Amino acid sequence: MYYLNFTPPSVLSDEEAMAMILNFLLKRGRWGGKYYNRQRMTRYLGIQVLNDGKRVGKCLEELLNERLVWQSKKGATVSLNPHLSAEITSFIEKFLKADS
């Protein structure tokens, strides 16, 4: 499966943050029925990368509204939408630059 090795800069736009969330789930293979804990992901990306968990939550909500990400178990877990795999990979490639 294809994904980018991405080292985040200190400041990211909202689109780059959304692409980073998608890349995070893609690297872990969280498609369809394989879920990832939403709180754990928000905390990890908020502390390690974006330095703001509220912003990660806002970007995740926007991804949910665009239906690129599914939520389950009453919103406690998230996974990538397997029906939109081409859109997800193109979104990641568009906004994240690979390490060279």
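The values are calculated or read from the model by the stated rules, or taken from the named source; none is laboratory data. The model shown is predicted, which means the values in this text are computed figures rather than measured ones. Quick reminder, even Gly has a Cβ in these numbers, built from the backbone with ideal geometry, and neighbours come from all protein chains shown.
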Among (1) at pLDDT 90 or above; (2) in a loop (DSSP other than H, G, I, E, B); (3) of a type in the set (A, V, I, L, M) - the single one Leu84 does not satisfy: (2)
Residue count, region 7-47 (criterion: assigned to a helix (DSSP H, G or I) and either touching a residue at least 60 places away in the same chain (Cβ under 8 Å) or not polar (S, T, N, Q) (or both)): 22
